[in-house]
Amino acid sequence: MSGEKSGVTATLETVRQGEVPTHVAVIMDGNGRWARQRGLPRWEGHRAGMAAVRETIEGAAEAGVAHLTMYAFSDENWFRPPVEVEALMLLLEEYVRSQREALVRHGIRVTVFGDRLRLPEEARQAIRELEASTEGGTALEVHLAISYGARAELAGVAQALAQRCLEGELAPEEINAELFEAELLTSDWPDPDLLIRTSGEQRISNFLLWQLAYAELFVTDVLWPDFTREHLYGALVDYRRRERRFGLVKA
Ligand code: FPP
């Protein structure tokens, strides 16, 4: 695992000299600390974090990454002070409305997963519009985890499979990893190859617990609002040095 105060960086040219991971997942952390360091309210950190979201999406598209999954709002985040939750919801709407045109222009498809029924109707509407208008994008698929928690996702899979058993469609002994995977919210995409977490915490925090089984982890001390495309490129280049064995021995 890597940990760098100023962050490993690389150029696009270096990234283009080798293979890039197909799917990169990101835990965007450190918005609050970034704001506190500047004597600003926490929501200012989240606002600054939006610029890093743009930067990372553009950088991933330029680098040739196919899937980018970003943890925008966890199911635990609902328990933050109401004023912060409200600010995050408004920022989400603002992001969707301000970025839609640019995302379409760059051929970026955005999908959202998580318990969207808990979101305010305005945010749900903005998400529906964003998903519909970017549907044809083929340059990069961005998946935003919003009101998402992996344990809730896995419990949902267990419920769906139990229901199928009750209905006689499936016998319990037929349940295997493949059938389980098909019920995940992310079943349309490959698993992440690389997980990047900012702000130095070495935790998974209930993010994609099943899907990250074999992901390489890259932790940087850079706070999310300071994260640039060059930091993303640094992580992509670092990933190349990893020897991925998926539990096997080296050939
Ligand atoms: C973690 O920082 C970050 C979040 C809980 C929210 C991330 C949201 C954004 C970057 C803005 C909106 C995103 C999209 C996709 C529109 P923290 O508050 O936990 O920071 P701390 O650990 O320093 O307190």
Inset, instruction - State all residues of segment 56-75 that are more than 18 Å from L195 (Cβ to Cβ) and either part of a loop (DSSP other than H, G, I, E, B) or near the ligand (Cβ under 10 Å from one of its atoms) (or both); if no residue qualifies, say none. - result: G64, D75
Inset, instruction - Within segment 218-236, work out how many residues are away from the ligand (no atom under 16 Å from the Cβ) and surrounded by 19 or more Cβ atoms within 10 Å (Cβ to Cβ). - result: 5
Inset, instruction - Tell me, please, whether a residue that is of a type in the set (A, V, I, L, M), in a loop (DSSP other than H, G, I, E, B) and surrounded by fewer than 22 Cβ atoms within 10 Å (Cβ to Cβ) can be found in segment 43-52. - result: no
Inset, instruction - Scan V104, V112, V85 and give me the residue that is among the aliphatic types (A, V, I, L, M), out of contact with any Cys (no Cβ under 6 Å at 6 or more places or on another chain) and more than 13 Å from the ligand (Cβ to nearest atom). - result: V104
Legend entry - Subset of segment 143-169 [without any contact (Cβ under 8 Å) to a residue 60 or more places away in the chain, crowded, with 16+ Cβ neighbours inside 10 Å and touching a helix residue (DSSP H, G or I) at 6+ places or on another chain (Cβ under 8 Å)]: V157, L161
Inset, instruction - Within segment 104-142, work out how many residues are under 17 Å from A72 (Cα atoms) and open to solvent by less than 60 Å² (accessible area, probe 1.4 Å). - result: 15
Inset, instruction - For segment 191-204, indicate whether the set of residues that are among the acidic types (D, E), more than 13 Å from the ligand (Cβ to nearest atom) and either in a loop (DSSP other than H, G, I, E, B) or open to solvent by 40 Å² or more (accessible area, probe 1.4 Å) (or both) is non-empty. - result: yes
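The values are calculated or read from the model by the stated rules, or taken from the named source; none is laboratory data. Predicted, not measured: the structure shown is a model, and the values here were computed from it. Reconstructed Cβ throughout: ideal geometry from the backbone, glycine too, with neighbour counts over all protein chains shown. Surface areas here come from the heavy atoms of the whole protein model, side chains and all, with no ligands, DNA or RNA. Shrake-Rupley method; radii C 1.70, N 1.55, O 1.52, S 1.80 Å.
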